[in-house]
2 protein chains.
Amino acid sequence: MQNFEFYNSVRIIFGPGEMNRLGELAAGYGKKALLVKSEGPLEKLGVYKRAADLLESAGMTVVALEGVTANPKLESVYEGIRLCKKNDIDIVIAVGGGSAIDCAKAVAMGAEDDGDVWDFFTHDRTPEKALPIGVVSTLAATGAEMSVHCVISNVKTGHKYATHYEFHLPKFSIIDAELHTSVPKRLTACGMVDAITHTGENYFAGDKSTLLTDRIAEGVILTVMECEGLLEDLGNIELRNNHAWAATIAINGITDLGRGAFEYGAHIIEHALSGKFDVIHGEGLSVVHPAWLAYRCEKDPDKFVKFAKRIFGMEQGSMSDVEFGKAGIEALKARYKSWGMPLTLGEIGVDESCFDEIAEIVVNDPDSFIDDKKVVLDVLNSCK
Amino acid sequence: MQNFEFYNSVRIIFGPGEMNRLGELAAGYGKKALLVKSEGPLEKLGVYKRAADLLESAGMTVVALEGVTANPKLESVYEGIRLCKKNDIDIVIAVGGGSAIDCAKAVAMGAEDDGDVWDFFTHDRTPEKALPIGVVSTLAATGAEMSVHCVISNVKTGHKYATHYEFHLPKFSIIDAELHTSVPKRLTACGMVDAITHTGENYFAGDKSTLLTDRIAEGVILTVMECEGLLEDLGNIELRNNHAWAATIAINGITDLGRGAFEYGAHIIEHALSGKFDVIHGEGLSVVHPAWLAYRCEKDPDKFVKFAKRIFGMEQGSMSDVEFGKAGIEALKARYKSWGMPLTLGEIGVDESCFDEIAEIVVNDPDSFIDDKKVVLDVLNSCK
């Protein structure tokens, strides 16, 4: 195992009905809340009215940031920062999925700074602090409710960049699966792929002596697969609960500890794709992650052997490690396909003509560990 | 899954050599440290001198609380509180195993109160705050370095009682396996049993739909068993690392989430035994936990079937659930025996004549969920 530091101070409030605690929890941080609202069905479902009522009942004044989109845009972040400064906001409350939460994280960081918040994403400046954040998570997918990560898209430059700070950890996150039951099948499957990808990104990299970290990562993947019945039974609260907790643990840090490597190849390529094409994150990952894994398996198949055995209960027989590892990856792809998820770039509207540009974006991402365009091109060509 | 709240804000600094960060970390909390030192070999090994040097090099004044024993005693806690008040201590630093850490937790709580700290253990009063705590963990066992629990023995009354508060969470815990390599075989095995017991205490209780929580708990138990080579290779730093992280995760809360039950039957009985007889905690658990499990298995064998399959890879064949569950428990006992651990009360010097008194102590423990002496007597008689 490699040395590590782990700190995750998010207070998780988990279970059906727990949204009712929003007011009480938020009021501990002040009197004025910015409510970050995402586009989509939550307004119609009355979730935003309920959130505002809960906050107001706890004596808070609520200002709303409307219309945050999937792959949240820098423009929304700027508007949120403006609202925070104008209204002297004490806490930023995200109610939604990863888009609302990431937008809230970026707003909270920019509200405590006088310059351009995008500087933090390009690594031109380092932020010092942020307003507190509170979350009601309405979608099991990105794990943003318990992660240090924040990803924002800059439409002007076509870049989707990330920051990673301890102050991005929400003070509290309410995970109330009652709010998840209205998520349609396609987005539910995207959330399942997202959770598996978060866990799988680092499982195969770095130090291989991390016995417990591997068991926990495998536990997340196995749990998500055990929840697949959800896709035919969207209102099943037990499966929603289990999927939600797996998606949260997948990227709260605990599935990475001791590996000493952070090789999120699928994410860095997918960010380039969705910064450019606005593809749905889970669909992009469903295509790119297995392709990335196949590329990694050829270089270093050991952990892929373990993966095939422990996740799919496969037997190696006379296969070489690389063959067997790739058979495990094929089993994962078959599972994704059975969930209705795409496996090729063509299916998500990305054609070959942009590959070179995508590769250029990846190697220039300030957060990237890939400095050779050929790596990206190989991966893209293998899933076109 | 049952609704839950989870919060664990301990900053974990993990890995060989990390003890060197003690001064820097502690100095963030003030100028004056109480260094809680346990009896045993750490003084001779120079660990306490090193700790004091690190703190002083960071500009801190160090006051020492000497001679904390296994099953830490209320008298040490009183002395620590006196030292804190007299010296206006800012942070309590435990360097040691669970005994030093639990003593530090109780001292930190008592130092911010004017009454008798034992009142908090008898539930006569509720504490409001505590001094910050920092930890250098020198033994993989109790998980006190990342838990909300604190257990203290009152020699006068013969009681060993626990408190559970968020402020018992250390601000930071350094887990440096280099310091673990001098732990002898017997205590190493005790630590392995302690970690398995912490995880196993709740695995079998409450809601059975906690898919990921179960996987993580199983991961802890499997990891500890994978580390058994340690007993013949005490200096193996990789196995020390893995054992240490498993022992920490075993009781940081994450292996219990969503079950909605907290049935720590083996611990509550072992606390009564070691409050009375000062037995080594891990040895007491090695005897009592399997006996407690057998009692539970007869009432509700479902999870024991899962345990036998997933932990020991056993096949049920024509066995009933109770028979198969008990076969899993026997496999656990065989493993403990192979580690040189005791399986009967006779082996740890506890004889039948005290059973009634132990049962009385258990049902009167303010922290106990057992109100029927017969339950305790049945368990004790099954392992006498």
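Considering only the range B:1-60, how many residues are free of Cβ contacts under 8 Å to residues at least 40 places away in the same chain, among the polar types (S, T, N, Q) and either away from chain A (no Cβ under 14 Å) or on the phi > 0 side of the Ramachandran plot (or both)?
1
For residues in the range B:320-347 being among the aliphatic types (A, V, I, L, M) and surrounded by 15 or more Cβ atoms within 10 Å (Cβ to Cβ), which is farthest from the chain's Cα centre (by Cα)?
If we take residues in the range B:320-347 being among the aliphatic types (A, V, I, L, M) and surrounded by 15 or more Cβ atoms within 10 Å (Cβ to Cβ), then B:V322 is farthest from the chain's Cα centre (by Cα).
All but one of (1) within 14 Å of another protein chain (Cβ to nearest Cβ); (2) of a type outside the set (S, T, Y); (3) under 30 Å from B:T213 (Cα atoms) hold for B:N71, so report the exception by its number.
(1)
Restricting to the range A:240-257, count the residues that are more than 9 Å from every other protein chain (Cβ to nearest Cβ) and surrounded by fewer than 24 Cβ atoms within 10 Å (Cβ to Cβ).
So the count comes out to 2.
Answer yes if at least one residue in the range B:365-375 is buried (at least 19 other Cβ atoms within 10 Å of the Cβ), in a helix (DSSP H, G or I) and touching a helix residue (DSSP H, G or I) at 6+ places or on another chain (Cβ under 8 Å), and no otherwise.
No: zero hits.
Could you figure out which of (1) under 30 Å from B:R240 (Cα atoms); (2) within 19 Å of the chain's Cα centre (by Cα); (3) without any contact (Cβ under 8 Å) to a residue 60 or more places away in the chain; (4) away from chain B (no Cβ under 14 Å) isn't true of A:T188?
(1)
Just the residues that are over 28 Å from A:T122 (Cβ atoms) and of a type in the set (A, V, I, L, M, F, W, C), please, taken from the range A:47-77.
Correct list: A:V47, A:A51, A:A52, A:L54, A:L55, A:A58, A:M60, A:V62, A:V63, A:A64.
Determine the pairs where a residue that is within 18 Å of B:C150 (Cβ to Cβ) and without any contact (Cβ under 8 Å) to a residue 40 or more places away in the chain, located within the range B:263-284, has a partner that is among the basic types (K, R) and buried (at least 24 other Cβ atoms within 10 Å of the Cβ) with Cβ atoms under 9 Å apart, the partner being 6 or more residues away or on another chain.
That search, which allows pairs on different chains as well, returns B:E270/B:K160.
Here is a list of conditions, (1) facing another protein chain (nearest Cβ under 10 Å); (2) more than 24 Å from B:S137 (Cβ to Cβ), and B:A261 meets all of them except one; can you say which number that is?
Answer for B:A261: the failing condition is (1).
If I filter the range B:39-57 for residues that are closer than 15 Å to B:A104 by Cα and within 18 Å of the chain's Cα centre (by Cα), do I get at least one hit?
Yes, the conditions are met somewhere in the range B:39-57.
So which residues in the range B:48-66 are in contact with a strand residue (DSSP E or B) (Cβ under 7 Å, 6 or more places away or on another chain) and surrounded by fewer than 22 Cβ atoms within 10 Å (Cβ to Cβ)?
Step one: of the range B:48-66, the residues in contact with a strand residue (DSSP E or B) (Cβ under 7 Å, 6 or more places away or on another chain) are B:48, B:51-52, B:55-56, B:60-66.
Once the filter is applied, which keeps residues that are in contact with a strand residue (DSSP E or B) (Cβ under 7 Å, 6 or more places away or on another chain) and surrounded by fewer than 22 Cβ atoms within 10 Å (Cβ to Cβ), the range B:48-66 yields B:Y48, B:A52, B:E56, B:T61, B:V62, B:V63, B:A64, B:E66.
So how many residues does the range B:335-352 have that are within 23 Å of B:E232 (Cα to Cα) and in a loop (DSSP other than H, G, I, E, B)?
Selection size over the range B:335-352: 5.
Check the range B:155-162 and report whether any residue there is modelled with pLDDT of 95 or more and aromatic (F, W, Y).
No; the residues of the range B:155-162 include none that is modelled with pLDDT of 95 or more and aromatic (F, W, Y).
Has the range A:349-360 got at least one residue that is surrounded by 19 or more Cβ atoms within 10 Å (Cβ to Cβ) and under 25 Å from A:F120 (Cα atoms)?
Yes, the range A:349-360 contains a residue that is surrounded by 19 or more Cβ atoms within 10 Å (Cβ to Cβ) and under 25 Å from A:F120 (Cα atoms).
So in the range A:220-233, with the set limited to residues that are facing another protein chain (nearest Cβ under 9 Å) and surrounded by fewer than 24 Cβ atoms within 10 Å (Cβ to Cβ), which one is farthest from A:I251 (Cα to Cα)?
A:E226
Testing B:T126 on (1) touching a residue at least 12 places away in the same chain (Cβ under 8 Å); (2) over 15 Å from B:I13 (Cα atoms), one condition comes back false. Which one is that?
(1)
Which one is surrounded by the fewest Cβ atoms within 10 Å (Cβ to Cβ) among residues in the range B:293-309 that are under 20 Å from B:D378 (Cβ atoms) and of a type in the set (F, W, Y)?
B:Y295
Out of the residues in the range B:155-191 that are under 15 Å from B:T142 (Cβ atoms) and in contact with a strand residue (DSSP E or B) (Cβ under 6 Å, 6 or more places away or on another chain), which is surrounded by the fewest Cβ atoms within 10 Å (Cβ to Cβ)?
B:H164
The values are calculated or read from the model by the stated rules, or taken from the named source; none is laboratory data. Note that the structure is a prediction, hence the values are computed from the model and not measured. With ideal geometry, Cβ positions are generated from the backbone for all residues, glycine too; neighbour counts draw on all protein chains shown.
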